[in-house]
Amino acid sequence: MNQSARPLYWTVMSLIGIVIATYVLFPVFWLVLASFKTTGELASLPLTFWPAKPTLEAYQALFDSNSQSSQLLRWPTLISNSFIVSVSSTILVVFFGTLAGYAFGRIKFPGRDLILGGLLISRMFQGAALLLPTYRLMNMLNLQDSLIGLILLYSAFGLPFATWIIASSLREIPFELEESAMMDGASRLQSMTRIVLPLATPALITAAMWHFVGAWSEFAFASILLESAQNKTVTIGLASFVELFTIEFNRVGAAATLVALPIMVVFFFGQRYFTRGLLAGAVKG
Amino acid sequence: MQMKLNRRHFLAGSTALASLSLLPATGARAASGALSVWKFGGTPAEVEAWPAANARFLAANPGVNLDYSFFNGQIRRQKLLAAFQTNKLADVVIAFGQDIPEFAGFGMIQPLDALAGADKVAQWKERLVPEIMADGMYDGKLYGLPTYVDMASFIAINTDAMKEAGFDRPPQTWTELREYAKAMTKPDRPGIAFPATTAPVDINIFEGIAYANGGRIFDEETGKVTLNDPGCVDALQLYADLIADGSTPSGSAMTETNFRDTAQLFGQGRAAMWIGLSWLNTPWPVPEGMHWEGAPFPRPDKPTGTFPPVAAIMDGTAVLMVSARSKNPQAAIDYVDFWTQNEQLKVWGGNPEIARVPAGKAAWDEPKLAEVWPNWVKAYKAGTLFEGAQAMPRFIGVSAVESALGGAIQQVVLGQKSAQEALDAATSAAQTQIDLLRG
Amino acid sequence: MNRRSDIWLAYFMILPVVAAVLAFVIGPTWDVATLSLTRIVMGQQRGFGTLANFAALLHDPLLPTVARNTVIWIFGGTVMCVATGLAVGMFLAVDSKLTAGLRALILLPWVLPDVVTAMAWKWMLHSQVGIIGDTISRLHLTDKPISFLGNPNLVMWVLVVILVWRKMPLVALILCAAIRAVPAEQTEASRMDGANALERFRYVVLPNIAFSLTAVTVIAIIWITAEFTLPWVATGGGPANSSQIMSTYIYQQSFQFFNWGGGAAMSVVNLVFLMLIVALYLYINRRSWAAGGEK
């Protein structure tokens, strides 16, 4: 596949590349473009592609304390809540996922495969049907309308997959390394923290990023569990915002860009590890 | 300046009056303690006005610890249901008039008249338009206090296009409507559009037409779903006829276009008329130089339904209700009472971004309302605005029946079934659903 | 190397994960299961131990439509996700500036929240106000504007396209990494033997990435099953129920109609059915996800 210098080959390749790029990137691009247009431009005909007069109006409106949107939705609070929930649950998920991942990946014990399979399947249960019983459970624990409750819930949702990614990756690390360390008198715990885990960093980063994105964009459970304005997360704000300004896509686009930006930054820095870790999880063991 | 002074004077007067009347009735105890209030959805301006009013409430009731939450309108029912099941419902919830029978039937909310006492109710009656206040009644009791209503159904007409087609007044009958729509249709601009998605507003718009034709969707007396009553079938046939005349966008375009999008199409000059609720295009600016007016939806030439035809149907989407298990009913009723004050109800007195039919009598005197909706104010003053109007469908299981109706409308609009077939099937499906719910 | 104490250590290490999943996932699921066997009238629970909810479900005239749509959603969605993911992954595996750039940007769809994704696509696809619909009509590609989300025959597949847009990039990246890990000498050797591109893919690449492919397929099925916000916001099950799938129907029954006994019964049927399929799939391909014995 390499070094085919034939022009036809490269033309075809470029065309395919453009098709893929258009499909994947155009919707995002279009939303960002809309965020720089005025409401009047978006409502008028014919549709314009590039903003006629690029403006930051929609972004300013998000934070302007006199505008409708900022009074309804305090973005700084929403964003900091989402950060607290996403970061805390990510830490929990990586910590406990690593513990369990080590056990599943490197220790043989009765029922291991069955338990891991069961954990993976449990991810399917998180649909609309569980909204009501989950609310009842959180209420019983006195954790509804609390960020701590949401952190625990998201952690429970995220743990199975994180465990699986980490376990698959730990399985790849040669067992001899650990064995020789243990011969030298290191305990299980020591060999795990000093020998195995440093080698599994990409997998840990992958699990962390995966969970962070999931927690950052979760809407259904957050919307039913959280009540007070000071507890709401960014997706709740975004959904209210979309409902209020549904045909003003400049505002929707600006809000969406704002909400997606933190994740994009995370990805910019973690991308390389992310694919490597995923690969370890998904490639033959 | 003059205006501001007047208002302040009035406010001081009315609160003094309220506290006076409160003394003898309730044994001299002003409300205090924790009070939670949940509001769902609304237009941006209204959602913004609400917390501002809360601040006034707190100023007048310093002993109350108000916990106010605003929620996305789409999660209204699931949020209320979950909270009710776990005994966590807020003291005051602000929901739809159409919700009342279910909430009352499930024991979620309690009658306001018993809680407030005769004196307060008498004051409410003085301040509220009686026809709108009746929208909060169910089973002979006042369960909700509407702050405004929306009415169905109306048409918005591009008057330039109307004149161009040689007409000088809006259509008044179904036959005229079909003529107008056909005459106003151009190759790139349908004469009329109507929203037909699964959005509840789109279904309410159709119900307004069907009820005016003597149709109903449910008969409380017999417990039977009546979607296939001739009144509904012929109204749906009107939709089908307009499409068959070639006067509308394609059926599939209308099933993906909700009321807001349809309003936008009208504003862009991509439809010469559209069928909507009372606010039509008022909340959304139309381009300079475009002329339009709203009119009641044309009447059937001869109503064919088995029920009495109505002039319009109406419902409030910000109706105050008090939880049946409220721990602070005193503060809750004071909060409801606060919203019956003219100062608060003025929020709906003509702000085009809110564009509702106000419940407060005083709001009808606002000059802005006369400016935005001159015809309505005229009709209201003449006492004809609510003549023959009735509440939008409301009974236990209303969502299931409306959803079945929405499906049937879409089937007909898409040309999959005839109006009769679609509504027959919807009737039996909805009947099964409703029997299950009512046991 | 496995000591007896290690087994206890392992159980101890997995305890938090198992406990969390039992409490927050299995607990509520159990609640749903008991609810499905409870008679609910006028919002009140009236007696446990009834099959009425299941009987009603069986007689629901909409069930066949919902089942058909759900099959398109889950299986159509999974197949399309994996197939396009494989194609795009193969393309991305080629070394060039273009593919390197794409690899860095391709995850963008994945970071947008569902609500925004659904709204943005709905807007773009609208036959009159949307950029895609508008462009098609202006280029006169079709006689009439196409209503992607308003046409009952198209809508389910259009939803699948949106779903693929959202989920495929991740699949593509994983498969791309797997393809790049195929030993170059194997490809070269097969080229020497005169194998064409198709044969090289079939006999060299495919066996090498088979395990990744299996794993990715399972992940995709599980994701798509739990996905609810996207179709609900995009179409609300319409037009005329032609995009009503299990998850949206359960939501509608439970929260719009307040028929939560019926909704629970549907969830139970849905879950049992899907668990059987995934368990079967996991069993057949057990080597790709389980440890497969200590080396």
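The values are calculated or read from the model by the stated rules, or taken from the named source; none is laboratory data. What you are looking at is a predicted structure, and each value in this text was computed from that prediction instead of being measured. Note that each Cβ is placed from the backbone with ideal geometry, even for glycine, and that neighbours are counted across all protein chains shown.
For the range A:34-58, filtered to residues that are of a type in the set (S, T, N, Q) and outside any helix (DSSP H, G or I), the residue that is farthest from the other protein chains (Cβ to nearest Cβ) is A:55.
Report the residue count in the range A:204-223 for those that are part of a helix (DSSP H, G or I) and over 19 Å from residue A:265 (Cα atoms). Lay out the reasoning, then the answer.
Within the range A:204-223, the subset part of a helix (DSSP H, G or I) is A:204-217, A:220-223.
Next, only the ones that are over 19 Å from residue A:265 (Cα atoms) stay: A:220-223.
Residues in the range A:204-223 being part of a helix (DSSP H, G or I) and over 19 Å from residue A:265 (Cα atoms): 4 in total.
Conditions tested, residue by residue: (1) under 28 Å from residue B:42 (Cβ atoms); (2) part of a helix (DSSP H, G or I); (3) within 19 Å of the chain's Cα centre (by Cα); (4) among the polar types (S, T, N, Q).
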| position | (1), (2), (3), (4) |
| --- | --- |
| B:191 | no, no, no, no |
| B:197 | yes, no, yes, yes |
| B:201 | yes, yes, yes, no |
| B:216 | no, no, yes, no |
| B:238 | no, yes, no, no |
| B:247 | no, no, no, yes |
| B:253 | no, yes, no, no |
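Has the range C:140-153 got at least one residue that is more than 8 Å from every other protein chain (Cβ to nearest Cβ) and of a type in the set (Lys, Arg)? Among the residues of the range C:140-153, not one is more than 8 Å from every other protein chain (Cβ to nearest Cβ) and of a type in the set (Lys, Arg), which makes the answer no. Just to be sure, is residue A:259 within 17 Å of residue A:74 (Cβ to Cβ) and hydrophobic (A, V, I, L, M, F, W, C)? Yes.
Considering only residues that are more than 7 Å from every other protein chain (Cβ to nearest Cβ) and hydroxyl-bearing (Ser, Thr, Tyr), look in the range A:7-29 and name the one that is nearest to residue C:165 (Cα to Cα). Applying the filter and picking the extreme gives A:22.
Once the range C:163-199 is narrowed to residues that are surrounded by 20 or more Cβ atoms within 10 Å (Cβ to Cβ) and among the basic types (Lys, Arg), the residue that is nearest to the other protein chains (Cβ to nearest Cβ) is C:166. If you filter the range B:384-418 down to residues that are surrounded by 24 or more Cβ atoms within 10 Å (Cβ to Cβ) and in contact with a Lys or Arg (Cβ under 7 Å, 6 or more places away or on another chain), you find that the one that is farthest from the other protein chains (Cβ to nearest Cβ) is B:397.
Conditions (1) part of a strand (DSSP E or B); (2) at pLDDT 95 or above, marked per residue:
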site	(1), (2)
B:284	no, no
B:294	yes, no
B:330	no, no
B:335	no, yes
B:338	no, yes
B:346	no, no
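Here is the figure for the range B:252-269: residues that are touching a Phe, Trp or Tyr at 6+ places or on another chain (Cβ under 8 Å) and facing chain C (nearest Cβ under 8 Å) total 4. In the range A:136-156, the qualifying residues are those that are touching a residue at least 40 places away in the same chain (Cβ under 8 Å) and in contact with a Lys or Arg (Cβ under 9 Å, 6 or more places away or on another chain), and the one that is nearest to residue A:230 (Cα to Cα) is A:145. Does residue B:378 fit the bill of being out of contact with any strand residue (DSSP E or B) (no Cβ under 6 Å at 6 or more places or on another chain) and without any contact (Cβ under 8 Å) to a residue 12 or more places away in the chain? Considered against the rule, which asks whether it is out of contact with any strand residue (DSSP E or B) (no Cβ under 6 Å at 6 or more places or on another chain) and without any contact (Cβ under 8 Å) to a residue 12 or more places away in the chain, residue B:378 comes out as yes.
With the condition kept exactly as written, say whether any residue in the range B:221-229 is closer than 22 Å to residue B:389 by Cβ, at pLDDT below 95 and over 21 Å from the mean Cα position of the chain (by Cα).
Going residue by residue through the range B:221-229, those that are closer than 22 Å to residue B:389 by Cβ are B:221, B:226-227, B:229.
Applying the additional criterion that residues be at pLDDT below 95 yields B:221.
Okay, now just the ones that are also over 21 Å from the mean Cα position of the chain (by Cα), so B:221.
Within the range B:221-229, one or more residues are closer than 22 Å to residue B:389 by Cβ, at pLDDT below 95 and over 21 Å from the mean Cα position of the chain (by Cα).
The numbered conditions (1) on the phi < 0 side of the Ramachandran plot; (2) facing another protein chain (nearest Cβ under 8 Å) are all true for residue C:64 except (2). A single entry from C:134, C:114 fulfils the requirement of being closer than 30 Å to residue C:277 by Cα, out of contact with any Cys (no Cβ under 7 Å at 6 or more places or on another chain) and charged (D, E, K, R): C:114.
Quick check on my filter: what residues within the range B:57-78 are part of a loop (DSSP other than H, G, I, E, B) and in contact (Cβ under 8 Å) with a residue 12 or more places away in the chain?
Scanning the range B:57-78 gives B:61, B:63, B:72.
Of all residue pairs spaced 6 or more apart or on separate chains, those with beta-carbon atoms under 7 Å, a first member in the range A:211-233 that is within 7 Å of another protein chain (Cβ to nearest Cβ) and a second member that is part of a loop (DSSP other than H, G, I, E, B) and surrounded by fewer than 21 Cβ atoms within 10 Å (Cβ to Cβ) are A:227/A:145; A:228/A:145. Residues in the range A:142-167 that are facing another protein chain (nearest Cβ under 9 Å) and assigned to a loop (DSSP other than H, G, I, E, B) were compared, and the one that is surrounded by the fewest Cβ atoms within 10 Å (Cβ to Cβ) is A:145. With respect to the conditions (1) closer than 30 Å to residue A:156 by Cβ; (2) modelled with pLDDT of 90 or more, residue A:23 falls short on a single one, namely (1).
Does the range A:23-33 include one or more residues that are outside any helix (DSSP H, G or I) and out of contact with any Gly (no Cβ under 8 Å at 6 or more places or on another chain)? Within the range A:23-33, none of the residues are outside any helix (DSSP H, G or I) and out of contact with any Gly (no Cβ under 8 Å at 6 or more places or on another chain). Mind checking whether some residue in the range B:288-300 is surrounded by fewer than 18 Cβ atoms within 10 Å (Cβ to Cβ), within 14 Å of chain C (Cβ to nearest Cβ) and over 30 Å from residue B:439 (Cα atoms)? Within the range B:288-300, none of the residues are surrounded by fewer than 18 Cβ atoms within 10 Å (Cβ to Cβ), within 14 Å of chain C (Cβ to nearest Cβ) and over 30 Å from residue B:439 (Cα atoms). For the range C:35-61, filtered to residues that are aliphatic (A, V, I, L, M) and modelled with pLDDT under 85, the residue that is farthest from residue C:264 (Cα to Cα) is C:42.
Take the conditions away from chain B (no Cβ under 14 Å) and either closer than 18 Å to residue C:94 by Cβ or surrounded by 15 or more Cβ atoms within 10 Å (Cβ to Cβ) (or both) and apply them to residue C:125. Does it pass?
no
Scanning the range C:146-160 for residues that are touching a residue at least 40 places away in the same chain (Cβ under 8 Å) and of a type in the set (Val, Ile, Thr) yields C:155, C:160. For the range C:210-229, filtering for residues that are more than 8 Å from every other protein chain (Cβ to nearest Cβ), crowded, with 23+ Cβ neighbours inside 10 Å and over 11 Å from the mean Cα position of the chain (by Cα) leaves 0. Residue A:129 satisfies every condition listed in (1) more than 7 Å from every other protein chain (Cβ to nearest Cβ); (2) without any contact (Cβ under 8 Å) to a residue 40 or more places away in the chain; (3) surrounded by 23 or more Cβ atoms within 10 Å (Cβ to Cβ) except (1).
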